[in-house]
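The values are calculated or read from the model by the stated rules, or taken from the named source; none is laboratory data. In this text, all values refer to a predicted model and were calculated from it rather than measured experimentally. Cβ placement follows ideal geometry from the backbone for every residue including glycine, while neighbour counts extend to all protein chains displayed.
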Amino acid sequence: ATFGTLSTRLTESLKNLRGKGKLSPADVDGTLREIRRAMLDADVSLNVVKKFTSDVRERALSDEVNKALNPAQQVVQIVNEELVTILGGAQRRLEFAKKPPTIIMLAGLQGAGKTTLAGKLAKYLAKDKHTPLLVACDLQRPNAVQQLEVVGKNAGVAVYSPEPGNGVGDPVKVAKDSIKFANDKQYDVVIIDTAGRLGVDAELMKQAADIRKATSPDEVLFVIDAMIGQDAVATAQAFQEGVDFTGVVLTKLDGDARGGAALSVVSETQRPIMFASTGENLDDFEPFYPDRMASRILDLGDILTLIEQAQEAFDEKEAAQLQEKFATDSFTLEDFLEQMQQLKNMGSMKKMLGMLPGAGAMKEQLDNFDERELVRTEAIIQSMTKAERQNTKLLNGSRRLRIAKGSGMTVTDVNALVNRFEQAAKMMKTVAKGGMPQIPGMGPM
Ligand code: GDP
């Protein structure tokens with residue numbers, strides 16, 4: 001999972017502070033050494049690591065203390081806040097032109113996921129009542145134009161591509177013509193897909209810069225594969241110099257990326273990450289929120305994204321009820337079962353579970369998670385009486401045994417489900433009420 005190792009190592013090193021009544025400089029330095037190694041191993045650039053650890057150190061040893069938190073929790077809070085800072089601070093939204101069409105240009109290496117992203121972005125904007133037009137300016141890669149046409153069809157949006165014999169081979173002309181076309185046909189957002197190369201190359205940069213000059217885009221999004229590792233900073237800087245961009249899109253965050261790209265690119269280019277791409281499907285796409293990403297990295301969970309996705313999959317009323325239930329501690333196994341049955345139309349369950357607090361600690365289970373787990377969980381809950389589903393406190397030993405028999409599972413399976421449910425409900429409650437969730441095993445924040 002995204003940031004898997006980094007996340008595990010950060011939470012581990014922070015856990016070592018647990019139980020200390022007071023933190024000495026040596027305690028803080030010990031933890032920071034581990035954090036520093038974890039970040040370097042995750043390919044975060046040395047500059048960023050140095051600045052990060054020195055900022056955390058200064059704050060952890062200063063008088064700026066939150067009396068409500070124990071020392072270990074204070075360090076977690078500081079690390080969390082500093083992570084938010086290096087991820088860009090506040091969320092940055094797309095800027096739309098005062099007079100349409102808004103022009104968004106995509107740039108990046110070949111294979112970064114630009115064409116896929118063009119479709120995702122278009123679909124996302126179309127949902128928001130925009131009328132996007134995709135423009136095929138990658139005239140280099142064989143089939144790139146066709147690929148964009150397929151993506152456009154899947155996204156249900158229009159694609160502007162060069163007609164044979166008219167501007168073929170001249171992406172600048174295609175881009176210019178597309179804007180005239182968008183004006184005539186009243187498309188309000190133009191998304192220009194450009195050509196990439198396997199490595200940074202002068203001709204590619206010039207072409208992208210020429211397209212930029214000819215179209216004066218409102219946004220230039222630099223698309224970067226989160227798996228790129230140590231080359232991330234150099235590649236981003238090359239694009240910044242050659243084309244310049246207004247924002248970054250991180251792709252393939254679903255993969256086993258070590259995450260360093262995300263943590264370095266913002267600081268090194270001073271450009272915000274605006275979107276994250278998390279899979280091959282057109283819906284695997286989210287606006288990027290630095291605070292939510294930081295809490296995913298620290299395994300504090302990402303309940304807000306979870307609730308938002310629920311909001312999209314269900315209707316809003318239902319999602320609000322869900323949040324209310326979390327907040328008031330009245331979320332029951334009955335609700336859980338209902339959600340689970342609806343979740344089947346909500347993308348991969350695994351991804352959802354990955355957003356729960358403590359998901360990092362359950363990484364292995366998550367990796368081994370398969371849909372059959374759902375069937376088993378369903379069977380267990382279905383073997384409970386209505387009263388038991390409403391109130392897990394009723395579940396004494398003999399009831400658990402009956403449920404295990406009824407569902408063909410073991411008592412251990414039943415116990416595990418009940419425990420997981422109770423823990424999740426507790427954390428959901430904290431977050432739904434606007435609090436900070438606890439780091440698993442660290443006591444409440
Ligand atoms: P382009 O050359 O920059 O236009 O890249 P493409 O859009 O053609 O993407 C290259 C490959 O990466 C394709 O096989 C995509 O399906 C895949 N891809 C794109 N975005 C993601 C993502 O977020 N996650 C995963 N797993 N694959 C992706």
Exercise. Could we say that Gly119 is in a helix (DSSP H, G or I), small (Gly, Ala, Ser), within 14 Å of the ligand (Cβ to nearest atom) and out of contact with any strand residue (DSSP E or B) (no Cβ under 6 Å at 6 or more places or on another chain) here?
Worked result: yes
Exercise. Under 9 Å by Cβ, and 6 or more places apart or on different chains, what pairs join a residue from the range 272-296 that is among the aromatic types (Phe, Trp, Tyr) and modelled with pLDDT of 95 or more with one that is assigned to a helix (DSSP H, G or I) and within 16 Å of the ligand (Cβ to nearest atom)?
Worked result: Phe275/Leu117; Phe275/Lys120; Phe275/Leu121; Phe275/Tyr124
Exercise. In the range 203-230, what residues are more than 14 Å from the ligand (Cβ to nearest atom), over 25 Å from the mean Cα position of the chain (by Cα) and in contact (Cβ under 8 Å) with a residue 40 or more places away in the chain?
Worked result: Ile211, Arg212, Ala214, Thr215, Ser216, Pro217
Problem set entry | Where Asp128 falls short, out of the listed (1) away from the ligand (no atom under 16 Å from the Cβ); (2) acidic (Asp, Glu); (3) at pLDDT 95 or above | (3)
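Can you tell me which residues in the range 231-255 are over 30 Å from Ala126 (Cα atoms) and either without any contact (Cβ under 8 Å) to a residue 60 or more places away in the chain or in a loop (DSSP other than H, G, I, E, B) (or both)?
Keep residues of the range 231-255 that are over 30 Å from Ala126 (Cα atoms), which gives 231-235, 237-238, 241-242.
Once the filter is applied, which keeps residues that are over 30 Å from Ala126 (Cα atoms) and either without any contact (Cβ under 8 Å) to a residue 60 or more places away in the chain or in a loop (DSSP other than H, G, I, E, B) (or both), the range 231-255 yields Asp231, Ala234, Gln237, Ala238, Glu241, Gly242.
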Exercise. Counting only residues that are touching a helix residue (DSSP H, G or I) at 6+ places or on another chain (Cβ under 8 Å) and without any contact (Cβ under 8 Å) to a residue 60 or more places away in the chain, which one in the range 15-26 is farthest from Asp63 (Cα to Cα)?
Worked result: Asn16
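Just the residues that are away from the ligand (no atom under 16 Å from the Cβ), among the charged types (D, E, K, R) and surrounded by fewer than 19 Cβ atoms within 10 Å (Cβ to Cβ), please, taken from the range 268-290. Show your work before the answer.
Going residue by residue through the range 268-290, those that are away from the ligand (no atom under 16 Å from the Cβ) are 268-272, 289-290.
Pick out the ones that are also among the charged types (D, E, K, R) and you get 268, 271.
Of everything in the range 268-290, just one residue is away from the ligand (no atom under 16 Å from the Cβ), among the charged types (D, E, K, R) and surrounded by fewer than 19 Cβ atoms within 10 Å (Cβ to Cβ), namely Glu268.
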Exercise. How many residues are within 17 Å of Val157 (Cβ to Cβ) and in a helix (DSSP H, G or I) when one looks only at the range 185-219?
Worked result: 1
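Looking at the range 82-103, is at least one residue within 16 Å of the ligand (Cβ to nearest atom), surrounded by fewer than 20 Cβ atoms within 10 Å (Cβ to Cβ) and either without any contact (Cβ under 8 Å) to a residue 24 or more places away in the chain or not assigned by TED's automatic domain parsing to the domain that holds Val28 (or both)?
So the first thing to find is which residues in the range 82-103 are within 16 Å of the ligand (Cβ to nearest atom), and the list is none.
Scanning the range 82-103 turns up no residue that is within 16 Å of the ligand (Cβ to nearest atom), surrounded by fewer than 20 Cβ atoms within 10 Å (Cβ to Cβ) and either without any contact (Cβ under 8 Å) to a residue 24 or more places away in the chain or not assigned by TED's automatic domain parsing to the domain that holds Val28 (or both).
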Exercise. Which one of these does Val233 not meet: (1) farther than 22 Å from Arg9 by Cβ; (2) modelled with pLDDT of 90 or more?
Worked result: (1)
For this session: Taking the options Lys114, Lys127, name whichever one is crowded, with 23+ Cβ neighbours inside 10 Å and under 18 Å from Val249 (Cβ atoms).
Result: Lys114
Exercise. Hey, any hits in the range 93-115 for a residue that's more than 30 Å from Val56 (Cα to Cα) and of a type in the set (Ser, Thr, Tyr)?
Worked result: yes
